[in-house]
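J.: Here it is, the structure, as structure tokens.
The values are calculated or read from the model by the stated rules, or taken from the named source; none is laboratory data. All of these numbers come straight from a predicted model, not from anything done at the bench. Note: ideal-geometry Cβ built from the backbone for every residue, glycine included; neighbour counts use all protein chains shown.
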Amino acid sequence: MNAVEQSKTRQEGLNPLNAEVAVGQTCRVAYIELAREEIQRVRALISEILSDREEIGLRDFLENASVWGQELPRRIRAALYDFKLHENSEAVCVRGFPLGDLQIGLTPQTHRPAGQVESARRPEIFHILCASLLGEPFGWTTIQNGYILNDVMPLISDTLRVTSSGSASTFDLHTEDAFHSCAGDYLGLMCFRNPDGVQTVLSNILPGDLSGETLATLFEPRYLVGANIAQKVPPVNALSPVLFGNPGFPYLRVNLNNTSTMPEDNDAIRALEELKQVLRKNSRLVVFEPGDCWYIDNLRVAHGRWPFSPRFDGTDRWLKRLYINSAFRRSTRYRATPSARILNPLGG
């Protein structure tokens, strides 16, 4: 066990899944450490899917991923279903998938150009199989050239930009794609490489964190919740709430990188400031390790990243990102066909 793991406060036996749940902080993470026999079963399943190939076409694989996912070890399936149904943790980390530098290659220096046929290798297949237990992976036409599997790594060209591919600036707390009503219910991040232990910030709100007056204001459409700059979309001009759902356990739709109010709306300004203070107070830091598959509840958790110093030599932090929607039929307005997985945020 490394120093990062030793520093975590964990409590076992909170559920029948043999998951270790980090407690003592508001944003709870369920850690599922793969046992040796589970790794063997996962490897056998992936080998069956690949059928002597090194990789598989992503679109074809996604047509059957939810069926294949039901053959993952029961403990993984139970943990992710418990996460989805009961919301007993804000994130799940499935830890221990074998991953080596020679297997994954160098960290990319650029995003993939448009027009390539997407494929999935062994680590990505495992990531997608786990994600399929939560919902349908999808992509946007307006980010990373419409690919479903996105690369998150530092780029020299983006060093000073406030984006996932930046590094010199704080990437402040946000729920993924908060600007859009069809944002993913979950965010999947598989760590390929993180040699410098770059930390990810997670935060959430709990009942009682906000005053009743603030809560009521944040539920009202008084905010311009904009997109992060990586999303190539027009500026948002429609007001929306930043909290929704049940006031007893509200869901978030927030982007501290790009959220504003009407200049004269002092109550909305005050409520947003109180929310920011709560999110910063509740923040916790986690370190993604190679082979980790993280699934973050995008309706309850804001995430971000502090500045770091990359080397840009092919060995920097590298994550594989998936957007996951558990109510996919509601997004048909933004898709070309019922089974299409790429959303145009501006509509058809």
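J.: Of all residues in region 199-218 being surrounded by fewer than 21 Cβ atoms within 10 Å (Cβ to Cβ) and touching a strand residue (DSSP E or B) at 6+ places or on another chain (Cβ under 8 Å), which is farthest from residue 278 (Cα to Cα)? Please lay out each step first, then the result.
T.: Let us first name the residues in region 199-218 that are surrounded by fewer than 21 Cβ atoms within 10 Å (Cβ to Cβ), namely 199, 201, 206-209, 211-216.
If we keep only those that are touching a strand residue (DSSP E or B) at 6+ places or on another chain (Cβ under 8 Å) as well, we get 199, 201, 215.
Details: 199: 20, 201: 14, 215: 12 Å.
Applying the filter and picking the extreme gives 199.
J.: For residues that are farther than 30 Å from residue 286 by Cα, touching a Lys or Arg at 6+ places or on another chain (Cβ under 8 Å) and among the acidic types (Asp, Glu), tally how many sit in region 27-66. Steps first, please.
T.: Within region 27-66, the subset farther than 30 Å from residue 286 by Cα is 44, 47-57, 59-61, 63-64.
Okay, now just the ones that are also touching a Lys or Arg at 6+ places or on another chain (Cβ under 8 Å), so 50, 54-55, 59.
Those left that are additionally among the acidic types (Asp, Glu): 54-55.
Residues flagged as farther than 30 Å from residue 286 by Cα, touching a Lys or Arg at 6+ places or on another chain (Cβ under 8 Å) and among the acidic types (Asp, Glu) within region 27-66 amount to 2.
J.: Still on this structure: Go through 69, 96 for me and flag whichever is touching a residue at least 24 places away in the same chain (Cβ under 8 Å), surrounded by 14 or more Cβ atoms within 10 Å (Cβ to Cβ), closer than 26 Å to residue 285 by Cα and among the small types (Gly, Ala, Ser).
T.: Only one candidate qualifies: 96.
J.: Only residues that are within 13 Å of the chain's Cα centre (by Cα) and assigned to a helix (DSSP H, G or I): list them for region 131-151, please.
T.: The one that is within 13 Å of the chain's Cα centre (by Cα) and assigned to a helix (DSSP H, G or I): 131.
J.: If you scan region 1-54, which residues turn out to be modelled with pLDDT under 50 and among the acidic types (Asp, Glu)?
T.: Selection gives 5, 12.
J.: So if I check each of 216, 183, which one is in contact (Cβ under 8 Å) with a residue 60 or more places away in the chain, of a type in the set (A, V, I, L, M, F, W, C) and closer than 22 Å to residue 258 by Cα?
T.: Details: 216 fails: in contact (Cβ under 8 Å) with a residue 60 or more places away in the chain.
Only one candidate qualifies: 183.
J.: Further question on the same structure: Which of (1) at pLDDT 95 or above; (2) over 17 Å from the mean Cα position of the chain (by Cα) is the odd one out, the single condition residue 338 does not satisfy?
T.: (1)
J.: Additional query: Of the residues that sit in region 296-334 and are of a type in the set (Val, Ile, Thr) and part of a strand (DSSP E or B), which one is nearest to residue 141 (Cα to Cα)? Talk me through it step by step, then tell me what you get.
T.: Initially, region 296-334 is screened for residues of a type in the set (Val, Ile, Thr), giving 296, 301, 315, 324, 332.
Among the residues that remain, those that are also part of a strand (DSSP E or B) are: 296, 324.
Details: 296: 22, 324: 15 Å.
Across region 296-334, the extreme among qualifying residues is 324.
J.: Tell me whether region 295-304 contains one or more residues that are surrounded by 18 or more Cβ atoms within 10 Å (Cβ to Cβ) and polar (S, T, N, Q).
T.: Within region 295-304, one or more residues are surrounded by 18 or more Cβ atoms within 10 Å (Cβ to Cβ) and polar (S, T, N, Q).
J.: Here's a follow-up. Under 9 Å between Cβ atoms, at least 6 apart or on separate chains: pull out the pairs that start in region 137-163 with a residue that is within 19 Å of residue 185 (Cα to Cα) and modelled with pLDDT under 95 and end on any residue that is surrounded by 20 or more Cβ atoms within 10 Å (Cβ to Cβ) and among the polar types (S, T, N, Q).
T.: Correct list of pairs: empty, since none qualify.
J.: Quick check on region 251-261. Is at least one of its residues part of a helix (DSSP H, G or I), over 25 Å from residue 81 (Cα atoms) and small (Gly, Ala, Ser)? Working first, answer last.
T.: From region 251-261, those part of a helix (DSSP H, G or I) are none; that's our starting set.
Looking through region 251-261, none of the residues is part of a helix (DSSP H, G or I), over 25 Å from residue 81 (Cα atoms) and small (Gly, Ala, Ser).
J.: With respect to residue 260, determine if the residue is surrounded by fewer than 20 Cβ atoms within 10 Å (Cβ to Cβ), free of Cβ contacts under 8 Å to residues at least 40 places away in the same chain and either closer than 26 Å to residue 130 by Cα or within 15 Å of the chain's Cα centre (by Cα) (or both).
T.: Values: surrounded by fewer than 20 Cβ atoms within 10 Å (Cβ to Cβ): yes; free of Cβ contacts under 8 Å to residues at least 40 places away in the same chain: yes; either closer than 26 Å to residue 130 by Cα or within 15 Å of the chain's Cα centre (by Cα) (or both): no.
For residue 260, the condition - surrounded by fewer than 20 Cβ atoms within 10 Å (Cβ to Cβ), free of Cβ contacts under 8 Å to residues at least 40 places away in the same chain and either closer than 26 Å to residue 130 by Cα or within 15 Å of the chain's Cα centre (by Cα) (or both) - is not met.
J.: Within region 37-87, can you find the residues that are among the hydroxyl-bearing types (Ser, Thr, Tyr), assigned to a helix (DSSP H, G or I) and under 25 Å from residue 118 (Cα atoms)?
T.: Restricting attention to region 37-87, the residues satisfying the condition of being among the hydroxyl-bearing types (Ser, Thr, Tyr) are 47, 51, 66, 81.
From what's left, assigned to a helix (DSSP H, G or I): 47, 66, 81.
47, 66 - these are the residues of region 37-87 that are among the hydroxyl-bearing types (Ser, Thr, Tyr), assigned to a helix (DSSP H, G or I) and under 25 Å from residue 118 (Cα atoms).
J.: With at pLDDT below 95 and under 27 Å from residue 198 (Cα atoms) as the only criterion, which of 317, 305, 284 stands out?
T.: Values: 317 fails: at pLDDT below 95; 305 fails: at pLDDT below 95.
Being at pLDDT below 95 and under 27 Å from residue 198 (Cα atoms) holds for just one of 317, 305, 284, which is 284.
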